[in-house]
Structure formats: structure tokens, C-alpha cells
Amino acid sequence: MHSTKIAFTSILILACAGLVFGEAATEKQPDPYENTSVLVEAFVVRVSTEALAEAGVNPMGQSPEGISILKILSCLDDPEKAEVISGAKVMAGHNDEARTKNRDTFYIKRESVSTAMGKQGPVESKSITFDSYSSGKTFEAVPRIQSEGTIRLEASYSDSGIIENEDQTIPPTLINYDWSGVLVLQSGIPAIVGAAQDDETITFLILTATIQDSEDVKKK
């Protein structure tokens, strides 16, 4: 009976020692990117289909004549055929969320002429009104550094505004773009992550995520 008790005590001690050893072995290693930040940039670029055709882009986007960053940049040489219409930047820590938002309200002047019959014939009168419109953008990003040069990025970008018509009797055209998704980017290398096409233009969303210098990364 006494020897059985001693044996049981020894087993219990060994089990506790094994538990402590197991906890030490499975202790989480410090994240080398814990104090690293990532600069995330978004650019919305509108390019005419004519300019893309001149750059040799296949309208169906098939390789090797598909759309690329370099071909979009070449189109930007002509501001009448391509332009950056919107953009935003955020700085976020590794595995943290960053968000930027702005909203503007502006007014467009409208003039109208009406004619009424007076005692001496038709009389014209002019009236002026101001119509209010709003525009703005929201950009959210959560970067997660997977390796020294690779970033998994959760991002969403929304942009709204107007295109004013030359004919002031016609209301402006309202535009709105929304994009959200998860993708993997190489640090500092821009990528086309979305596009919307109409009859005459294609609007691209381009994202770039760049790992910023940090002592932790340098020591890795």
C-alpha cells in the first residue's frame, strides 16, 4: 500500500513537470513585425478607352496585351485622356486598422430665364439658384505583414462626386465607386485591384502597400 502511494506521487510529479515543459515549448514567439507600420495608398485613375487602345491594350484584357500599371502610367502623359481623379493614404500598424474620411459640400450656380406677358409685351426675368451637392471618400485598411516583403491587405475604398455638364439646364452626373476586398501585395509595388468600365472610359483603383523601416525588421 505504501509503495503504491509513492509510485502515484512520482507519476503526479512527472505529469506536472511534463505540463510545465509543454507550456514552455508552446509559448508564443514574439511577432517580429509588432512595431512595424505600413503605408497604404489608393489612387483612382480614369483612362479613356481610346488611350488604352493606343497603348496596345486588348479591350478584353487578355495577356500579353492586357492592362498593366506601366500602360496606365503611359496614358497619364496626356491629361486629356487620363487623369488621377481621387486618392487617399493611411498609415497603419501591422495587424491594425486605419481609416480616413472626408466629406465636402459645394454649390452649383443655376441661372434660368422666364418670360411673362406684361402690359407692353413679353418681359423676361432672370432667376439664380444654388443647388447643393456633396462629395467625399472613405478609405479603410488593415495590413498584415506575412514576410519582409509580402503584405496581406484588407481594404475598402468608396468615392462619390459629380461630373458637371456644360449645359447648365441639365443636372450634373452623379458618380459613386465602392470597392472592398482582401489581397496580397508585394511591398512598394502598385497593383490594379478593381476597375469599372463605361462606353468611353475605364476607372481603375490602384493600391500600394509599403512596409516602413523599423528596428525590429532590421534585426530580423
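The values are calculated or read from the model by the stated rules, or taken from the named source; none is laboratory data. These numbers were taken from a predicted model, which means no experiment stands behind them. Here Cβ is always computed from backbone atoms with ideal geometry, including for glycine, and neighbour counts include all displayed protein chains.
All but one of (1) in contact with a helix residue (DSSP H, G or I) (Cβ under 7 Å, 6 or more places away or on another chain); (2) not in a strand (DSSP E or B) hold for I192; which doesn't?
(2)
Considering only the range 148-160, I want to know if a residue exists there that is at pLDDT below 95, among the aromatic types (F, W, Y) and at negative phi.
So far as the range 148-160 goes, no, none of its residues is at pLDDT below 95, among the aromatic types (F, W, Y) and at negative phi.
For the range 120-136, state whether one or more residues are charged (D, E, K, R) and in contact with a helix residue (DSSP H, G or I) (Cβ under 9 Å, 6 or more places away or on another chain). If you could, list the steps in order and put the result at the bottom.
The first filter runs over the range 120-136 and keeps only residues charged (D, E, K, R), leaving 124, 126, 131.
Subset that is in contact with a helix residue (DSSP H, G or I) (Cβ under 9 Å, 6 or more places away or on another chain): none.
Within the range 120-136, none of the residues are charged (D, E, K, R) and in contact with a helix residue (DSSP H, G or I) (Cβ under 9 Å, 6 or more places away or on another chain).
Collect the residues in the range 128-149 that are surrounded by fewer than 16 Cβ atoms within 10 Å (Cβ to Cβ), touching a Ser or Thr at 6+ places or on another chain (Cβ under 7 Å) and part of a strand (DSSP E or B), keeping them in residue-number order. Show your work before the answer.
First, the residues of the range 128-149 that are surrounded by fewer than 16 Cβ atoms within 10 Å (Cβ to Cβ): 128-132, 134, 136, 146-149.
Right, trim to touching a Ser or Thr at 6+ places or on another chain (Cβ under 7 Å) and you get 132, 134, 136, 149.
If the condition is that a residue be surrounded by fewer than 16 Cβ atoms within 10 Å (Cβ to Cβ), touching a Ser or Thr at 6+ places or on another chain (Cβ under 7 Å) and part of a strand (DSSP E or B), then S132, S134, G136 are the ones that fit.
Looking for whichever is of a type in the set (G, A, S) and within 20 Å of the chain's Cα centre (by Cα) here; the options are S147, S160, S112. Which one fits?
Just a single option satisfies the conditions, and that option is S160.
Can you say whether S180 is closer than 30 Å to G66 by Cα and surrounded by 15 or more Cβ atoms within 10 Å (Cβ to Cβ), as far as the supplied structure shows? Break it down stepwise before answering.
Working: closer than 30 Å to G66 by Cα: yes; surrounded by 15 or more Cβ atoms within 10 Å (Cβ to Cβ): no.
No; evaluated as a whole, the condition is false for this residue.
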